[in-house]
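Quick one: the structure is below, questions incoming.
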């Protein structure tokens, strides 16, 4: 007669199954360093989508002044949180953490790579470390920092402002200009916080009041110079913030020095970066580090399974029908690892 196998009283050992953490790439950098271009390139190469992390570009309106990425520059890559809010809407760092977190989840659910890019480092820090660093604990994160020497960054930010003037900065500011009875407009809310709008206020007010041509020309020159100064001041503040973030625990910040690219532009007098220089000095090292990052497995919190749950319910080896102290301790230790 064939006898049924005897059931062991020994508790089955829990089995720990390591799951991979979902990955996300962040592109950091001061204004005018080419974050948007690099984010799009990463997304195209690694089947990703871009989540905007610029607190001004999240609003609709003034695309020239905010230097919003164009449809052509997107190159078919889906972008999230770009121009989705009314011009005067409030959008706090906590709002960004919630909305950007949901966007990241949607991108991951589609089997694609989230690429978060933008110069509002307060937003980035809130997403990564807010709510008890829930995002950083749940995701494997790489931070790519595009940087350049200050003197070249000053040169290029000024060059870009001149280009914005050519592309319609003054008309765009004029269309957005609002004042009632000569009262100063509110430049502390929504898209109107953008550098390029407050600086133009005095000029536009004088223009509306019928100032002479010579006076207006001088005021416009002063406004444009103020935009350049404030833009470079923003860039310096952004660099300082990234330097601080790079010292924090859990922030894997990899710096890419784009100084030679800007230097070649300055030497040649070009207004756009040399494609070959950008690819060899910025894109290729970036592509290599992102590829290595994606190929590396970082385990998430382990999932604990037990082969025979009934053995625990029955006592897990205890002769009196209660689990032994050792069995309870082992189960608890495995569950909290």
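The values are calculated or read from the model by the stated rules, or taken from the named source; none is laboratory data. It should be emphasised that the depicted structure is a prediction, and the values quoted were computed from it without experimental measurement. Note: ideal-geometry Cβ built from the backbone for every residue, glycine included; neighbour counts use all protein chains shown.
Go through (1) in contact (Cβ under 8 Å) with a residue 60 or more places away in the chain; (2) closer than 22 Å to residue 42 by Cα one by one and return the number of the condition residue 241 breaks.
(2) is the only condition that residue 241 fails.
Can you tell me which residue within region 132-173, out of those that are in a helix (DSSP H, G or I), within 30 Å of residue 104 (Cα to Cα) and touching a helix residue (DSSP H, G or I) at 6+ places or on another chain (Cβ under 8 Å), is modelled with the lowest pLDDT?
Taking region 132-173 first, the residues in a helix (DSSP H, G or I) are 132-138, 150-166, 169-173.
Checking the rest, the ones that are also within 30 Å of residue 104 (Cα to Cα) come to 132-138.
From what's left, touching a helix residue (DSSP H, G or I) at 6+ places or on another chain (Cβ under 8 Å): 135-136.
Working: 135: 97, 136: 93.
So, considering only residues that are in a helix (DSSP H, G or I), within 30 Å of residue 104 (Cα to Cα) and touching a helix residue (DSSP H, G or I) at 6+ places or on another chain (Cβ under 8 Å), the one modelled with the lowest pLDDT is 136.
Just to be sure I understand, how many residues within region 145-173 are surrounded by 18 or more Cβ atoms within 10 Å (Cβ to Cβ) and touching a strand residue (DSSP E or B) at 6+ places or on another chain (Cβ under 9 Å)?
Of the residues in that region, 5 qualify.
Also: Name the single residue, out of those in region 104-120 being under 27 Å from residue 20 (Cα atoms) and buried (at least 19 other Cβ atoms within 10 Å of the Cβ), that is modelled with the lowest pLDDT. Full working, then the answer.
If we filter region 104-120 for residues that are under 27 Å from residue 20 (Cα atoms), which is where we start, we get 104-118.
Retained after the next criterion (residues that are buried (at least 19 other Cβ atoms within 10 Å of the Cβ)): 104, 107, 113-118.
Values: 104: 98, 107: 98, 113: 98, 114: 98, 115: 98, 116: 98, 117: 97, 118: 93.
Across region 104-120, the extreme among qualifying residues is 118.
Answer yes or no as to whether residue 128 is buried (at least 19 other Cβ atoms within 10 Å of the Cβ), out of contact with any helix residue (DSSP H, G or I) (no Cβ under 7 Å at 6 or more places or on another chain) and in a helix (DSSP H, G or I). Steps first, please.
On the way: buried (at least 19 other Cβ atoms within 10 Å of the Cβ): yes; out of contact with any helix residue (DSSP H, G or I) (no Cβ under 7 Å at 6 or more places or on another chain): no; in a helix (DSSP H, G or I): yes.
It is false that residue 128 is buried (at least 19 other Cβ atoms within 10 Å of the Cβ), out of contact with any helix residue (DSSP H, G or I) (no Cβ under 7 Å at 6 or more places or on another chain) and in a helix (DSSP H, G or I).
For a quick check of your reading: which strands (runs of 3 or more DSSP E) sit entirely within region 2-55 and have at least 1 residues that are within 19 Å of residue 101 (Cβ to Cβ), at pLDDT 55 or above and assigned by TED's automatic domain parsing to the domain that holds residue 283?
23-29, 48-52
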